[in-house]
Amino acid sequence: MNTPQDALENLQARLGKTTDEGRREAIDKRHAKGYRSARENLASLCDIENYTEYGQLAVAAQRQRRDYEELQTATAADGILTGIAPVNPEQHGRHNSKTALVINDYTVLAGTQGYFHHKKIDRIIEVAAAQNLPVIMFTEGGGGRPGDTDASTQIAGLNVTSFAAWAGLSGKVPRIAVNNGYCFAGNAALFGCADIKIATQSSWIGMAGPAMIEGGGLGSFKPTDIGPIEVQTRNGVVDIVADDETHACELARKVLSCFQGDLHQWDAGDQNSLIQGLPDDRRYTYKIRSLIDILVDQNSFIELKPNYGSAIITGFVRIEGKAMGLLANDCRVLGGAIDAEAADKATAFLRLCNAQNLPVLALGDTPGFMVGPDSEKEAAVRHFSELFIAGAQLSTPLVTIFLRKGYGLGAMAMAGGSFAKPSYCAAWPSGEFGGMGLEGAVTLGFKKELESEPDDDKRQALFDTLVGEAYERGKATEAAAHLEIDAVIDPKDTRKTIVAALA
């Protein structure tokens with residue numbers, strides 16, 4: 001007869017089979033690839049001493065075809081760790097840092113999704129929804145698993161609720177997906193549904209793996225041919241690229257912190273140097289990221305999708321410890337004109353900030369929307385209109401500061417669709433405004449006068465004069481005098497202006 005002590009010892013032995021020490025051979029193979037184990041990633045993410053695990057004793061639903069003792073080690077936890085633990089408690093306290101964690105384990109059946117694997121995902125998502133917890137999910141794995149023979153009452157198994165449940169958390173709690181290695185089929189669907197998607201340089205992400213592609217008659221490919229990181233960053237699937245799993249965990253914690261609350265300690269650069277970041281000639285470009293780094297709290301800027309829709313920069317920043325979303329035009333890309341990709345990126349970002357109640361800071365310097373036949377081929381009307389809708393639906397505070405150009409509908413989009421939309425809409429003294437770019441406005445509005453001047457040099461001189469006059473009429477101070485913007489501010493006062501507007 002089992003005594004209580006015997007039962008306890010049996011439990012400890014059984015749990016030991018799910019640990020890295022109890023699965024040394026599989027973990028050593030993982031380390032040989034230069035990767036970390038699922039439990040090592042878990043410990044890197046959270047306060048592991050206060051981690052509560054769900055479903056640790058699960059094994060793959062393969063008792064009919066494999067030895068049960070073997071399953072306990074070879075399919076430990078059915079290839080997925082699920083639980084609750086504090087993440088960033090040292091910054092936000094244990095209560096505000098409570099997080100649901102889902103870590104796929106590639107050492108178990110290549111991280112594939114089986115019967116109990118799905119039940120564990122469903123359970124932790126249910127807990128996250130009930131307790132309003134953010135979720136961090138590691139998604140490495142090969143998709144659906146065909147070898148779970150114990151689940152004999154299903155045919156295709158397409159009535160699983162994991163995908164709908166995970167997607168259903170959208171707009172309710174922050175969801176961060178992290179990937180390293182192969183991420184195919186169902187695992188990729190989970191990755192793609194997250195709010196923020198982080199992937200390491202050693203990531204390959206696709207809606208089907210090699211076997212499914214070949215089975216569909218689409219050719220034979222190596223796993224590394226499918227969705228490499230270069231492709232998935234260029235097309236906007238991946239938000240942030242990490243060096244490795246260690247870096248990915250750091251990034252996940254840093255991103256999550258933006259949704260967890262304010263920080264009480266921060267440092268900032270010399271705000272007097274902001275004005276030096278703009279060139280003397282209004283036609284020249286400058287490095288907006290350098291200005292962002294000076295403006296916001298040091299080391300707080302987290303950029304999203306830098307290689308997609310690059311005419312607009314999106315990301316998270318802090319100012320005096322307060323987290324907020326950032327939109328900024330990059331004048332080095334298309335002169336700052338907003339194209340379809342940039343609008344798509346900005347739209348999704350505004351909706352995320354709105355859903356998670358993050359205020360938004362917009363730094364404007366744009367000649368407007370990108371126009372022309374090529375732009376229309378990219379569905380410009382649809383993408384630009386969606387950006388206006390996202391701005392109109394924004395209920396979280398918006399502060400827009402125009403650093404330089406603010407022209408046409410593109411400038412209005414940077415202000416939530418109207419200069420009247422932001423909590424505060426201001427400009428630096430270098431700001432300039434108009435219904436369209438000055439040069440284009442002069443070319444269109446004074447076409448007859450310009451065409452009537454036969455001398456090329458005199459025509460150019462007239463053009464330059466007219467542009468200069470238009471610039472004087474559209475200067476930031478004139479826009480403020482006509483109450484089209486709220487103020488013109490000294491660049492060094494930008495931080496305190498933002499803080500005051502959000503107070």
Using 0.36 nm times the number of residues separating N357 and E25, minus their current alpha carbon distance, what extension gain do you get?
114.9 nm
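With both partners inside region 4-259, how many of the DSSP beta bridges are antiparallel, as a percent to the nearest 5? Present the calculation step by step, with values, prior to reporting the outcome.
Numbers: 11 of 32 bridges.
Once the DSSP bridges in region 4-259 are tallied, antiparallel ones form about 35 percent.
What fraction of the Cα pairs in region 1-139, stated in percent, has a spacing above 20 angstrom?
Pairs farther apart than 20 Å: 49 percent.
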For region 408-421, in order, what is each residue's ³J(HN,Hα) by Karplus, 6.51 cos²θ - 1.76 cosθ + 1.60 with θ = phi - 60°, in whole Hz (x at glycine and Pro)?
x, 5, x, 5, 4, 5, 5, 10, x, x, 6, 5, 8, 6
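Charges at C-beta only: +1 for Lys and Arg, -1 for Asp and Glu. How large is the resulting dipole of the chain about its Cα centre, in Debye rounded to 20? Before the final figure, lay out each step's value.
Working: 49 positive and 64 negative charges, 226 e Å.
Its charge dipole is roughly 1080 debye.
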Tally of Lys pairs whose C-alpha atoms are under 23 Å apart, taken over region 4-259, 8 or more apart or cross-chain
18
Which of G215, Q460, H117 sits farthest toward the positive end of the charge dipole of the chain, with +1 on the Cβ of Lys and Arg and -1 on the Cβ of Asp and Glu?
H117
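Rounded to whole Å and ordered largest first, report the semi-axes of the equivalent ellipsoid of region 319-407 derived from its Cα gyration tensor (root of 5λ). Intermediate results must be reported in sequence, preceding the final value.
Details: eigenvalues 108, 52, 17 Å².
Taking √(5λ) for each Cα gyration eigenvalue gives 23, 16, 9 Å.
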Share of Cα-Cα pairs in the chain beyond 35 Å, in percent?
42
Compute and list, largest first, the equivalent-ellipsoid semi-axes of region 440-503 from the alpha carbon gyration tensor, each √(5λ) rounded to a whole angstrom.
38, 11, 8
What's the extension gain from K33 to Q460 if we count 0.36 nm per residue and subtract their Cα-Cα distance?
147.3 nm
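What is the calculated FRET efficiency for D225 to N307, with r their C-beta to C-beta distance and R₀ = 22 Å, to the nearest 0.05? All intermediate terms of the calculation are to be shown ahead of the outcome.
Values: r = 20 Å, r/R0 = 0.91.
Approximately 0.65, to the nearest 0.05.
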Rounded to two decimals, what is Rg over Rh for region 88-151 when you use alpha-carbon atoms and the Kirkwood radius?
1.09
Calculate the length of the line joining the C-alpha centroid of region 447-501 to that of region 293-353, in whole Å.
25
Paramagnetic reach from L218 in region 159-197 [backbone N under 18 Å; point 7 Å along Cα→Cβ]:
182-193
Mind listing the phi-derived Karplus ³J(HN,Hα) values for region 357-370, rounded to whole Hz, using 6.51, -1.76 and 1.60 with θ = phi - 60°, and x for any glycine or proline?
6, 9, x, 10, 10, 10, 10, x, 6, 9, x, x, 6, 6
For the residue pair N96 and H482, what label-to-label distance in nm results when each label sits 7 Å from Cα along the Cα-to-beta-carbon direction?
4.4
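With r as the distance between the Cβ atoms of H264 and E376 and R0 = 45 Å, compute the FRET efficiency 1/(1 + (r/R0)^6) and round to 0.05. It would help to have the intermediate numbers written out before the result.
Details: r = 49 Å, r/R0 = 1.10.
E between E376 and H264, to the nearest 0.05, is 0.35.
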Could you work out how far apart the two model spin labels at D493 and T3 are, taking each label as a point 7 Å from the Cα in the direction of the beta carbon, and quote it in nm?
8.0
Pairwise centroid distance, computed over Cα atoms, of region 219-256 with region 94-163, Å
20
State log₁₀ I(q)/I(0) for region 145-273 at q = 0.11 Å⁻¹ as given by the Debye formula over alpha-carbon point scatterers of equal weight, solvent excluded.
-0.52
Largest-first principal axis extents, alpha carbons of region 4-259, Å
58, 49, 37
In nm, what is the difference between 0.36 nm times the number of residues separating A211 and A500 and their Cα-Cα distance?
98.3 nm
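Only the coordinates and a few stated rules stand behind these numbers; no lab work does. Bear in mind the structure is a predicted one, so any value in this text is a computation, not a measurement. Because the Cβ atoms are built from the backbone with ideal geometry, glycine has one as well, and the counts that use them run over all protein chains shown.
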